[in-house]
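Every number in this text was worked out from the coordinates using simple rules, so none of it is lab data. Please read all numbers here as calculations on a predicted model, not as lab measurements. Here the Cβ is made from the backbone with ideal geometry for all residues, glycine too, and neighbour counts use every protein chain on show.
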Amino acid sequence: MQYHSTRGRAPAVDSAQAVLDGLAPDGGLYLPETMPVLDWQACVRSQPLEMAEQILSAFLPDIPDMGELVRRAYQGKFEAEALTPTVPVGDFTVLELFRGPTSAFKDVALSMLPQLMTAARRVKGLRQPLLILTATSGDTGKAALEGFRDVPGTHVCVFYPDGGVSQVQRRQMVSQQGQNVTVCAVRGNFDDAQTGVKEIFSACQGRALPFRLSSANSINIGRLVPQITYYFKAYRDLLDSGRIRMGDTVNFSVPTGNFGDILAGFLAKQLSLPVGRLICASNANHVLTDLIRTGVYDRRRPLHKTASPSMDILVSSNLERLLFLLSGEPAPVAGWMAQLSQDGCYTLPQPLLAQVQAHFWADWCNDAQGAEVIGRVWRQYGYLCDTHTAAGWFAAENYVNQTGDTRPMVVLSTASPYKFPGAVLSAIGGGVQGDEFSQMALLETLTGVNIPKNLAGLREMPQRHTGVIARDEMLEFVLALCGSGKEETL
Ligand SMILES: *Cc1c(COP(=O)(O)O)cnc(C)c1O
């Protein structure tokens, strides 16, 4: 199966190469030339690991032994065999995506990506091991570390902004175990760390290094495809509980940042899963709500820091894939992306906007509205949700109220409430005091909801990676890593 760039100015590659490359050389994102064909009903009837195997094999046919890769990625690593369980809450069904090894939704994709990358490396006969470089604002770094930990043929190096991640997130990263992991703080904010990583990539281009540099960011097709599985799994759970019959359509509400999660839902729909509306939920950084309502994408606005930081994004990369899939040709997509980088905005033509609106609906909430949802859902249903999930719930309620569409609604839950203990505590009326670890303990006492195992032991874990460097030291840091002979042991 051939993969093409959304911008149309790069050669087609096979699926293994697309996974290895991440970004296409023309700056576009890879998509298959034609949508793979899948027996969706057979897929729905399968066990979660088999679902993942079928979907991944359909999209990435050049990567062999998919069943084995899926087992290595997921088996025994998630809290439950269901991987992503669903919970009925009031009129909605919550799809819990945070039951992985780091209690982050990112685990679903980042457990699988290392397996896909190393398999693609074997297929392509690549001699050098992979050095994965990632800048993180919190969750991605830890999920990448855990996903790549001790995966043969890889070394993973994560940079996070010093003082720019939560206490829990920092502890999760600095306590990381494994033989092939490096973690380092960078003085500055997330943008500094990210710019630093980009500079390393361009400085190393054409250099003979013992590693092949690669990234784990969410534009890689190997991160997107594993996320399709949980839409099938949620559908299966609704069938099993008798809420729907085979063929009934289901709506999904998705807390959205980079547009990867919700795009996976759109791909599930392309594979014929009966998906109705996809509700795109945002916070005060509501660029996507505006786009879906008006057709105008305008990033020229201040970035707000909110209680749902994983959605504090003004440029949602994966939207480019949707625009390509709906418009069917690369030239206009390349044009809009050029406008976005030059002028900071672009406008979709009316027919394309109508298509977007046929599949998607959008809304956003501010922090106070999100807190109101967390408190109300807790009091009414005894279900504790986090700040991102609250945005999804908020948008789902408004969707039902404004459209009268009463088809079953699945709200995707992207983080454990224990990832944001202060905001959640205050939303349910608890007093917020002490550090995040005391807040976690208090939240557990007040609600009886257990702290996930991997977070509970964190405070006592030895801190192994405590280095801090300046941004202009990052290249040297990576070159030193490359010169340390580490690749010999991988
Ligand atoms: C990454 C993330 C999101 C957004 O997902 P995208 O695929 O970037 O849209 C939402 N919530 C949480 C907690 C996340 O970590």
Problem set entry | region 65-98-region 253-275 distance, computed between alpha-carbon centres (Å) | 17
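What list do you get for F232, F78, F98 if you sort them by fewest beta carbons within 10 Å? Mind dumping the intermediate values first?
Details: F232 23, F78 20, F98 26.
By the 10 Å Cβ count, ascending: F78, F232, F98.
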For this session: Calculate I(q)/I(0) for region 414-477 by the Debye formula, one identical point scatterer on each C-alpha and no solvent, and give its log10 at q = 0.18, 0.23, 0.25 Å⁻¹ to two decimals.
Result: -0.70, -0.91, -1.02
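Can you give the calculated 222 nm mean residue ellipticity of the chain, where each DSSP H run of n ≥ 4 adds -39,500 (n - 2.57) and the sum is split over every residue, rounded to the nearest 500 deg cm²/dmol?
Working: 21 runs with 216 residues, N = 490.
The helix-only estimate for the chain comes to -13000 deg cm²/dmol at 222 nm.
How much of the DSSP bridge set in region 56-191 is antiparallel, in percent, rounded to the nearest 5? Don't jump to the answer; show the numbers that get you there.
Details: 4 of 16 bridges.
Antiparallel: roughly 25 percent of the beta bridges in region 56-191.
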Exercise. Quick one: Kirkwood hydrodynamic radius for region 83-176, alpha-carbon pairs, angstrom, one decimal?
Worked result: 14.6
For this session: May I ask for the distance between the Cα centers of region 311-369 and region 1-49, given as a whole number of Å?
Result: 20
For this session: Would you please state which residues of region 274-312 a label at N189 would reach in this model, taking the label point 7 Å out along Cα→Cβ and a backbone N cut-off of under 18 Å?
Result: 283-287, 299-312
Seminar exercise, completed: From the Cα centre of region 413-484 to that of region 149-202, the distance in Å is 14
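Is region 257-310 best put as rounded, prolate or oblate by its Cα gyration tensor, with a ≥ b ≥ c the root eigenvalues, rounded for a/c under 1.5, and otherwise prolate when a/b is larger than b/c, oblate when not? Please list the in-between numbers first.
On the way: a/c = 2.89, a/b = 1.84, b/c = 1.57.
Because a/c hits 1.5 or more and a/b exceeds b/c, region 257-310 counts as prolate.
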Exercise. What is the dipole size for the chain, taken about its Cα centre, with +1 at each Lys and Arg Cβ and -1 at each Asp and Glu Cβ, in debye to the nearest 20?
Worked result: 280
Problem set entry | HN-Hα J in Hz across region 189-197 - Karplus 6.51, -1.76, 1.60, θ = phi - 60°, x for Gly and Pro | 9, 4, 4, 4, 4, 5, 4, x, 5
Seminar exercise, completed: Taking only the alpha-carbon positions of region 43-94 as identical scatterers, the Debye log10 I(q)/I(0) at q = 0.24, 0.27, 0.29, 0.32 Å⁻¹ comes out as -0.93, -1.04, -1.11, -1.20
Exercise. What list of ³J(HN,Hα) couplings, whole Hz, do you get for region 421-434 from phi and the Karplus terms 6.51, -1.76, 1.60, once you set θ to phi - 60° and write x for glycine and proline?
Worked result: x, x, 5, 6, 4, 5, 5, 9, x, x, x, 9, 8, x
For this session: Provide the three semi-axes, in whole Å and in decreasing order, of the ellipsoid equivalent to region 1-132 as defined by the square roots of 5 times the Cα gyration tensor eigenvalues.
Result: 28, 18, 15
For this session: List, in order, the whole-Hz ³J(HN,Hα) value for each residue of region 129-146 obtained from phi through the Karplus relation with A = 6.51, B = -1.76, C = 1.60 and θ = phi - 60°; use x for Gly and Pro.
Result: x, 8, 10, 8, 10, 9, 9, 9, 9, x, 6, 4, x, 5, 5, 5, 4, 5
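For a distance above 24 Å, tell me the whole-number percent of Cα pairs in region 262-398 that qualify. Each step should come with its number before you reach the end.
Working: 3222 of 9316 pairs.
Within region 262-398, distances greater than 24 Å cover 35 percent of Cα pairs.
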Problem set entry | Along principal axes, Cα extents of region 293-348, largest first, whole Å | 38, 21, 19
Seminar exercise, completed: In Å, the C-alpha Rg and Dmax of region 1-56 are 13.8, 40
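How much length is gained on full extension from Q463 to R301, taking 0.36 nm per residue of separation minus their Cα-Cα distance? Walk me through the numbers on the way to the answer.
Working: separation 162, 0.36 × 162 = 58.32 nm, distance 3.84 nm.
Full-extension gain reported as 54.5 nm.
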Seminar exercise, completed: Taking every C-alpha to C-alpha distance in region 383-490 and binning by 5 Å from 0, the per-bin percentages run 2, 10, 14, 13, 11, 10, 11, 10, 8, 6, 4, 2, 0
Exercise. If amide H atoms are built 1.01 Å from N in the plane of the peptide, which residues on other chains or at least 5 residues away come under 5 Å of the amide H of V183?
Worked result: V158
Exercise. Which of rounded, prolate, oblate describes region 323-469, given a ≥ b ≥ c as roots of the alpha-carbon gyration tensor eigenvalues and a/c under 1.5 marking rounded, otherwise prolate only if a/b is larger than b/c?
Worked result: oblate
For this session: Please work out the ratio of the alpha-carbon Rg of region 152-207 to 2.2 N^0.38 Å and round it to two decimals.
Result: 1.26
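Hey, could you get me the Stokes-Einstein D for region 125-246, Kirkwood radius over alpha-carbon pairs, 20 °C and 1.002 mPa s, rounded to whole µm² s⁻¹?
Value of D from the Cα-based Kirkwood radius: 131 µm²/s.
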Problem set entry | Filter on K106/K233; K77/K305; K453/K486 - keep pairs with C-alpha separation over 27 Å | K77/K305; K453/K486
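Out of all DSSP beta bridges with both ends in the chain, state the antiparallel percent to the nearest 5.
Numbers: 14 of 48 bridges.
Around 30 percent antiparallel, to the nearest 5.
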Problem set entry | Cα gyration tensor, region 201-312 - rounded (a/c under 1.5), prolate or oblate | oblate
Exercise. How many nm separate the modelled label positions at K124 and R9, each set 7 Å beyond the Cα in the direction of the Cβ?
Worked result: 2.2
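Please compute the Kirkwood hydrodynamic radius over the chain, one decimal place, Å, based on all pairs of different Cα atoms. The partial results should precede the final answer.
On the way: mean 1/r = 0.0438 Å⁻¹.
Value: 22.8 Å, from the Cα pair sum.
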